[in-house]
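> For reference, the structure I am asking about is given below.
The values are calculated or read from the model by the stated rules, or taken from the named source; none is laboratory data. Remember, predicted model here, so these are calculated numbers, not experimental data. Cβ atoms come from the backbone with ideal geometry, glycine included; neighbour counts cover every protein chain shown. For accessibility, only protein heavy atoms count, side chains too; no ligands or nucleic acids. Shrake-Rupley method; radii C 1.70, N 1.55, O 1.52, S 1.80 Å.
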Amino acid sequence: MKKFLICGLGSIGQRHVRIIRTVTNGEAEIAVYRKRKLDIVISDKLDANFGTDPVAHYELKNFESMEEAFEWSPNAVFVTNPISMHVETAIAAALNGSNIFIEKPLGCSQHGIGDLFEIIKKKNLTCMVGYQLRYHPGYRKLERLLMEEVLGKVISVDLHFGEWLPGMHPYEDYRESHAARSDQGGGVIFCLSHMVDIAYWLFGLPKSVYALGGHLSNLEMDVEDTVDIVLNCEKSGHKFPVHIHLDFLQKPARCYTHIIGSKGSAYFDYSNSLLEINLISEKPEEIKFDTFQRNDMFIDEVRDFINCAKLQTQPSSSLVSGANVLAICLAAKKSLKTGKIAKVK
């Protein structure tokens, strides 16, 4: 693949521009289509340089319309615009015959997803949904522990992700960000759905979902800022609860996964890249991922996407996977609204 189109040039769109250049050794042709056209360049560490045109800074080809962009016939389209626009943009890319990378989550409703599946299948395209935490070596180690049944039968799981929304993108007013706006697919359930994806990836599709929370803080937003979700999971006839806590309130950010099994437990502190394994019959083990850099996850997922597109295969974080994660999120949204247990559809 040689030609890449970026739809949306915010912080994640700019990150993908840099990563595509890295992964392709600078040989990629990269173009952009964007609506807001803000003059701001944002680094990997979210430092902002105001008054600088990112199109000129990154030396990108610029298109004024989607139609003009697709006439360029990109091999791959990166959907990095607001969540509410993901599926619409992806369908346009699929109709064009482009492979598609969609930033998480897949969308904020089921509308259009069936059409997207049909087009991708008909045209034999690769589609990835960008849940980069799957590429962290700590989560990969948890996956192996579960596959090899090192922890025994899963008894209970606790996933936690909290981050202070006004500090997530310090270069913008959080009240104007997509995360704070219902019309753009905001709220912790969609925007911090990484933990929902990890739960689905490791434990499968739950039988039902129950959620509590809502807009509980003084943050100025019209979406939920705090939620606790319980997934009713099952493996080989054995049922167990998976608890997910998400909030826009914690500073510093706190993110961890704690798995309790019949043979022991594992605690992965993502914030400090530290994994603790405590088996009943063995000495405790600590694994520190000292060489890990956050950007490595993004590099690995883009490299995986490009390789899958070349081989015409689907990555683990595929459209099917992304659709199932979205279904869990929508069930949590429904439960939050009704106060009742919701089925995953």
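> Kindly list, by first and then second residue, each pair from a residue in the stretch 105-123 that is more than 21 Å from D197 (Cβ to Cβ) to a residue that is modelled with pLDDT of 95 or more and open to solvent by 20 Å² or more (accessible area, probe 1.4 Å), limited to pairs with Cβ atoms under 8 Å and residues at least 6 apart or on different chains.
D115/I91; I119/I91; I119/L95; K123/G97
> For the structure I just gave you, tell me whether R21 is exposed (fewer than 15 other Cβ atoms within 10 Å of the Cβ) and within 24 Å of the chain's Cα centre (by Cα).
Working: exposed (fewer than 15 other Cβ atoms within 10 Å of the Cβ): no; within 24 Å of the chain's Cα centre (by Cα): yes.
It is false that R21 is exposed (fewer than 15 other Cβ atoms within 10 Å of the Cβ) and within 24 Å of the chain's Cα centre (by Cα).
> When you scan the stretch 70-78, do you find a residue that is closer than 30 Å to T257 by Cα, out of contact with any Leu (no Cβ under 6 Å at 6 or more places or on another chain) and surrounded by 22 or more Cβ atoms within 10 Å (Cβ to Cβ), even just one? Walk me through how you get there before you give the answer.
Initial filter on the stretch 70-78 (closer than 30 Å to T257 by Cα): 78.
Now restrict to residues that are out of contact with any Leu (no Cβ under 6 Å at 6 or more places or on another chain): 78.
Restricting the remaining residues to those that are surrounded by 22 or more Cβ atoms within 10 Å (Cβ to Cβ) gives 78.
Taking every residue of the stretch 70-78 in turn, at least one turns out to be closer than 30 Å to T257 by Cα, out of contact with any Leu (no Cβ under 6 Å at 6 or more places or on another chain) and surrounded by 22 or more Cβ atoms within 10 Å (Cβ to Cβ).
> Residues to consider are L151, L145, L133; find the one that is open to solvent by less than 40 Å² (accessible area, probe 1.4 Å), within 20 Å of N324 (Cα to Cα) and either in a loop (DSSP other than H, G, I, E, B) or at pLDDT 95 or above (or both).
Numbers: L151 fails: within 20 Å of N324 (Cα to Cα); L145 fails: within 20 Å of N324 (Cα to Cα).
Of L151, L145, L133, the one residue that is open to solvent by less than 40 Å² (accessible area, probe 1.4 Å), within 20 Å of N324 (Cα to Cα) and either in a loop (DSSP other than H, G, I, E, B) or at pLDDT 95 or above (or both) is L133.
> Tally time: how many residues in the stretch 207-225 are open to solvent by 20 Å² or more (accessible area, probe 1.4 Å), under 19 Å from K340 (Cβ atoms) and not basic (K, R)?
3
> Restricting the first residue to the stretch 41-57 and requiring it to be assigned to a strand (DSSP E or B), which pairs with a second residue that is among the basic types (K, R) and at pLDDT 90 or above meet a Cβ separation below 9 Å and a spacing of at least six or different chains?
Sorted first by the residue in the stretch 41-57, then by its partner, the pairs are I42/R15.
> Quick one: count up the residues across the stretch 155-177 that are open to solvent by less than 60 Å² (accessible area, probe 1.4 Å) and in a loop (DSSP other than H, G, I, E, B). Break it down stepwise before answering.
Quick first cut of the stretch 155-177, residues open to solvent by less than 60 Å² (accessible area, probe 1.4 Å) only: 156-163, 165-169, 171-172, 174, 177.
Retained after the next criterion (residues that are in a loop (DSSP other than H, G, I, E, B)): 163, 169, 171-172, 177.
The qualifying residues number 5.
> Now for a different question. Given the options F101, F70, name the one that is aromatic (F, W, Y) and assigned to a helix (DSSP H, G or I).
Testing whether each residue is aromatic (F, W, Y) and assigned to a helix (DSSP H, G or I) leaves just F70.
> Can you name the number of the only condition in (1) under 15 Å from the mean Cα position of the chain (by Cα); (2) not in a loop (DSSP other than H, G, I, E, B) that E88 fails?
Here E88 clears every test but (1).
> Of G204, G261, G213, G237, which residue is touching a Cys at 6+ places or on another chain (Cβ under 9 Å) and more than 14 Å from L159 (Cα to Cα)?
Numbers: G261 fails: touching a Cys at 6+ places or on another chain (Cβ under 9 Å); G213 fails: touching a Cys at 6+ places or on another chain (Cβ under 9 Å); G237 fails: touching a Cys at 6+ places or on another chain (Cβ under 9 Å).
It is G204.
> Within the stretch 93-118, which residues are surrounded by fewer than 19 Cβ atoms within 10 Å (Cβ to Cβ) and more than 17 Å from F190 (Cβ to Cβ)? Please lay out each step first, then the result.
If we filter the stretch 93-118 for residues that are surrounded by fewer than 19 Cβ atoms within 10 Å (Cβ to Cβ), which is where we start, we get 95, 97, 109-112, 114-115, 117-118.
Scanning the stretch 93-118 gives L95, G97, G114, D115, F117, E118.
> Within the stretch 226-285, considering only strands (runs of 3 or more DSSP E) that don't extend past its boundaries, which have at least 3 residues that are among the β-branched types (V, I, T)?
Values: elements: 226-235, 238-247, 254-261, 264-269, 274-279.
Strands (runs of 3 or more DSSP E) meeting the threshold: 226-235, 254-261.
> When you scan the stretch 289-312, do you find a residue that is outside any helix (DSSP H, G or I), crowded, with 19+ Cβ neighbours inside 10 Å and of a type in the set (A, V, I, L, M, F, W, C), even just one? Write out each step before concluding.
Step one: filter the stretch 289-312 for residues outside any helix (DSSP H, G or I), giving 289-293, 312.
Next, from what is left, pick out any that are crowded, with 19+ Cβ neighbours inside 10 Å: none.
For the stretch 289-312, residues outside any helix (DSSP H, G or I), crowded, with 19+ Cβ neighbours inside 10 Å and of a type in the set (A, V, I, L, M, F, W, C): absent.
> When the stretch 86-99 is examined, which residues are found to be of a type in the set (A, V, I, L, M) and free of Cβ contacts under 8 Å to residues at least 60 places away in the same chain?
V87, A90, I91, A92, A94, L95
> Need pairs with beta-carbon distance below 7 Å; first residue in contact (Cβ under 8 Å) with a residue 12 or more places away in the chain and small (G, A, S) and within the stretch 252-269, second surrounded by 18 or more Cβ atoms within 10 Å (Cβ to Cβ) and not in a strand (DSSP E or B); sequence gap 6+ or separate chains.
So the pair list comes out as A253/E163; G261/L151; G264/L151; S265/L151; A266/L142; A266/L145; A266/L151.
> For the stretch 191-201, does any single residue satisfy the condition of being of a type in the set (S, T, N, Q) and surrounded by 23 or more Cβ atoms within 10 Å (Cβ to Cβ)? Spell out the reasoning first.
As a first pass, look at the stretch 191-201 and keep what is of a type in the set (S, T, N, Q): 193.
Still in the list and also surrounded by 23 or more Cβ atoms within 10 Å (Cβ to Cβ): 193.
So far as the stretch 191-201 goes, yes, one or more of its residues are of a type in the set (S, T, N, Q) and surrounded by 23 or more Cβ atoms within 10 Å (Cβ to Cβ).
> Looking at the stretch 29-48, which of its residues are touching a helix residue (DSSP H, G or I) at 6+ places or on another chain (Cβ under 8 Å) and either of a type in the set (S, T, N, Q) or open to solvent by less than 40 Å² (accessible area, probe 1.4 Å) (or both)?
Across the stretch 29-48, the qualifying residues are I30, A31, V32, Y33, R34, I40, V41, I42.
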